[in-house]
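Engineer: Following this message is one structure expressed as structure tokens.
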Amino acid sequence: MKPSSFSWVTPKLSILGLTIIMLGMGMTLTLDDLRGALAMPKEVISGFVLQYSVMPISGYLVSKLLNLPSHYAAGLILVGCCPGGTASNIVTYLARGNVALSVIMTAASTLFAVVMTPFLTAKLAGKYVAVDATALLVSTLQVVLLPVLGGAFLNQYLQPLVKLVNPLMPPMAVVTVAILCGHAISQSSSAILMSGGQVILASCLLHASGFFFGYILARMLGIDVAASRTISIEVGMQNSVLGVVLATKHFGNPLTTVPCAVSSVAHSIIGSILAGIWRLSVPSEVKD
């Protein structure tokens, strides 16, 4: 309605906002969580493999299927190569999934995003635009790894501070995501109005594929219902804000950020609907 209302958002503020979200997620990690994850290596490893196979491949295939212009294709593939989103933990709770597993999976995919995101983006999107994998690696390291480790450190050694700050982190994350996505959309508002239908369809197909194959393949691997729901949500919900920041910083065409911005809305809507449906039935593992 009024794109100029987001003109105050600068790249530095975008990175700061993402850093705050990652720091908040790091504060949810404890040694007990890590021990719990070690007790279910099959689920964590399966989720990790599905995260970095289903979504990148889906992004590539959807861009080919819809014959997306190179800048939109690059943005869609970049979203597919990003780690799981922090909102997935909340959606997992609503869907009666395994929340502890969700937190560990998000952390694992985020930590390994330092390597996986630039590598997969360069492999799959390199033919569309020139991708500087080294610069992407350094950028991901700065906005993902260090804040998450910093949050975990605070949670381990400064519990009183974390207990004071933790209630503020979810609303701050929501506001930050809304501002960053609003800024990305405002920068390309005219392009979204012109070709928004195509980008929206591509984003919905990408995330629907993640939710669907995440659940089906997890069940085929013999993983229980609660954990399969969790894996489905982790695979289907990406860190789209990271995609916006990386696309803004590393891709020459500003239109590359459009799929990343639209993606954050698409996965939230699909994930919320799925959580509403799944919430109606309690898995036997959760009942036990």
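No value in this document is a laboratory result; all are computed from the given coordinates. On a predicted model such as this, the values are computed, not experimentally measured, just so you know. Reconstructed Cβ throughout: ideal geometry from the backbone, glycine too, with neighbour counts over all protein chains shown.
Engineer: By counting other Cβ atoms within 10 Å of each Cβ, how are R279, R96, R219, R229 ranked from fewest to most? Walk me through the intermediate numbers first.
Structural biologist: Values: R279 13, R96 21, R219 16, R229 29.
Least to most surrounded, the residues fall as R279, R219, R96, R229.
Engineer: Continuing with this model, one more query. Top mean-square fluctuation among Y157, Y215, Y60, Gaussian network model of the chain, C-alpha springs under 10 Å?
Structural biologist: Looking only at Y157, Y215, Y60, the biggest GNM fluctuation is shown by Y157.
Engineer: I've got another one for you. Report, in deg cm²/dmol and to the nearest 500, the calculated mean residue ellipticity at 222 nm for the chain, where each DSSP H run with n ≥ 4 adds -39500 (n - 2.57) and the sum is divided by the residue count.
Structural biologist: Value at 222 nm, helices only: -25000 deg cm²/dmol.
Engineer: Mind giving me the nanometre distance, one decimal, between the label points for K123 and N166, set 7 Å out from Cα along Cα→Cβ?
Structural biologist: Spacing of the two 7 Å Cα→Cβ label points: 3.7 nm.
Engineer: If I model a spin label at L280 and W8 as a point 7 Å from the Cα along the Cα→Cβ vector, what separation in nanometres do I get?
Structural biologist: With each label point 7 Å from Cα toward Cβ, the separation is 4.4 nm.
Engineer: A further question follows. Take each of the peptides 70-83, 139-152, average the number of other beta-carbon atoms within 10 Å over its residues, and list them starting from the highest.
Structural biologist: Put in order of decreasing packing, that is 70-83, 139-152.
Engineer: Amide H of Q238: which non-local residues (sequence gap of 5 or more, or other chain) have their own amide H closer than 5 Å, using H built in the peptide plane?
Structural biologist: Amide H neighbours of Q238: G85.
Engineer: Let me ask something additional. Using θ = phi - 60° and the Karplus form 6.51 cos²θ - 1.76 cosθ + 1.60, what ³J(HN,Hα) does each residue of the range 169-180 get, whole Hz, x for Gly and Pro?
Structural biologist: 5, x, x, 5, 5, 4, 5, 5, 4, 4, 5, 5
Engineer: Which whole-number percent is the relative contact order of the chain (Cα, under 8 Å, 6+ apart)?
Structural biologist: Across the chain, relative contact order equals 33 percent.
Engineer: If only Cα atoms are counted, what is the Rg of the range 8-281, and what is its Dmax, in Å?
Structural biologist: Here Rg and the maximum Cα pair distance are 17.3, 53 Å.
Engineer: Find the eigenvalues of the gyration tensor of the Cα atoms of the range 185-226, then list the square roots of 5 times those eigenvalues as equivalent ellipsoid semi-axes, largest first, in whole angstrom.
Structural biologist: Working: eigenvalues 237, 16, 5 Å².
Taking √(5λ) for each eigenvalue gives 34, 9, 5 Å, largest first.
Engineer: A follow-up question, please. Return the single residue from N155, N67, N98 with maximal mean-square fluctuation; model: Gaussian network over the chain, springs between Cα atoms under 10 Å.
Structural biologist: N67
Engineer: Using the Cα atoms of the range 96-199 to build a convex hull, what is its mean projected area in square nanometres?
Structural biologist: Values: hull surface 38.2 nm².
The Cα convex hull of the range 96-199, projected and averaged over all directions, gives 9.6 nm².
Engineer: Pairs of lysine in the chain with Cα under 19 Å and at least 8 positions apart or on different chains: total?
Structural biologist: Eligible lysine pairs with Cα atoms under 19 Å apart amount to 5.
Engineer: OK, next. Order of I21, I185 from fewest to most other C-beta atoms within 10 Å?
Structural biologist: Listed from fewest to most nearby Cβ atoms, that is I185, I21.
Engineer: Okay, moving on. Build a GNM of the chain with springs between Cα atoms under 10 Å: which of P160, P69, P118 gets the top mean-square fluctuation?
Structural biologist: With Cα springs under 10 Å in the chain, the top fluctuation among P160, P69, P118 is at P160.
Engineer: Please express the Cα-Cα pair-distance distribution P(r) of the range 137-288 as a list of whole percents, one per 10 Å bin, running from 0 to the bin with the greatest distance.
Structural biologist: So the P(r) values, bin by bin, are 10, 28, 33, 24, 5, 0.
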